[in-house]
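Values quoted throughout were computed directly from the atomic coordinates according to the rules given, and no laboratory measurement underlies them. Since this is a predicted model, take the numbers as computed values, not measurements. Don't worry about glycine lacking a Cβ; one is built from the backbone with ideal geometry, like all the others, and counts go over all protein chains shown.
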């Protein structure tokens, strides 16, 4: 009997299994922050859950004594890595590795879920250039308390903040080109090394004003 050839076998989807200590908490994280939708669960109490978003699928597995590894458990490709990075920062997600252009052709960062599982997120350089990170222009933060949020080393071009508490926030080495802040509490906000061309607050272009503040801060 001839042995079957691997060349004739097509592989379908591969869904990573993620061990978690609290499956309800994990579900809230992956659905509320990353946008996944639960499509299946079983057990009483629930011990297994399938979550999907677009082509991505993950399987949550309850393991109450789980201890997170220091290696990346999941690698995900997205079509706007800067937008997802900004969302993670705004939501207080722990960033393990800051966003950066990698020499293997991806722009990527690594974050940790509530159980400490490390998730690597990337986007191909060429695809990112074609999109010019355009979906960020459609991203809005509305009616949120983001006091103390830190935005570092990311692209926020065209981002809209509407009725947001951003007091004591930090914007460091970020692209705020064309961003708009409306009804935003900016008490004690720190802006450093940022592209603020066209940034508006309450509909007024304050590019020159913030440039002057940044220059005074660096000079002092």
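Report, in degrees rounded to the nearest 10, the 0 to 90 angle that the Cα long axis of helix 81-90 makes with the longest principal axis of the chain.
The angle comes out at about 70 degrees.
Counting each DSSP H run of 4 or more residues in the chain as -39500 (n - 2.57), what helix-only mean residue ellipticity at 222 nm follows after dividing by all residues, to the nearest 500 deg cm²/dmol?
-5500 deg cm²/dmol
Can you sort 202, 48 from fewest to most other Cβ atoms within 10 Å of each residue's own Cβ?
202, 48
Relative contact order for region 1-118: what percent, with Cα pairs under 8 Å and sequence separation of 6 or more?
Averaging sequence separation for qualifying contacts and normalising by length gives 24 percent for region 1-118.
How far, in degrees from 0 to 90, does helix 23-32 lean away from the longest principal axis of the Cα atoms of the chain, to the nearest 10?
Long axis of 23-32 versus the principal axis of the chain: about 50 degrees.
Between residue 40 and residue 96, what length comes free when the chain is fully extended (0.36 nm per residue of separation minus the Cα-Cα distance, one decimal in nm)? The partial results should precede the final answer.
Values: separation 56, 0.36 × 56 = 20.16 nm, distance 2.96 nm.
Stretched fully, the residue 40-residue 96 segment lengthens by 17.2 nm.
Once fully extended, how much extra length lies between residue 79 and residue 63, figured as 0.36 nm per residue of separation less the alpha-carbon to alpha-carbon distance?
2.6 nm
For a quick protection proxy, order the peptides 107-113, 2-8, 52-58, 146-152 by their average other-Cβ count within 10 Å, most packed first.
Answer by packing, highest mean first, reads 107-113, 146-152, 52-58, 2-8.
Antiparallel versus total DSSP beta bridges in the chain: what percent is that, nearest 5?
45 percent
Measure nothing but the geometry: give the 0 to 90° angle between the long axis through the Cα atoms of 207-219 and the longest principal axis through the Cα atoms of the chain, rounded to 10°.
Compared with the principal axis, the helix lies near 90 degrees.
Largest first and to the nearest Å, give the Cα extent of the chain along each principal axis.
Projected onto its principal axes, the Cα set of the chain covers 79, 41, 29 Å.
Name the shape class, rounded, prolate or oblate, that the alpha-carbon gyration tensor gives for region 2-108, where a ≥ b ≥ c are the square roots of its eigenvalues, rounded holds for a/c under 1.5, and otherwise prolate holds if a/b is larger than b/c and oblate otherwise.
Taking the square roots of the gyration eigenvalues as a ≥ b ≥ c, region 2-108 is oblate.
Give, as ranges by residue number, the residues of region 77-121 whose backbone N falls under 12 Å from the point 7 Å along Cα→Cβ of residue 144.
Label zone hits: 83-93.
Which FRET efficiency, nearest 0.05, do residue 103 and residue 152 yield, Cβ-Cβ r, R0 25 Å?
E(calc), rounded to 0.05, equals 0.70.
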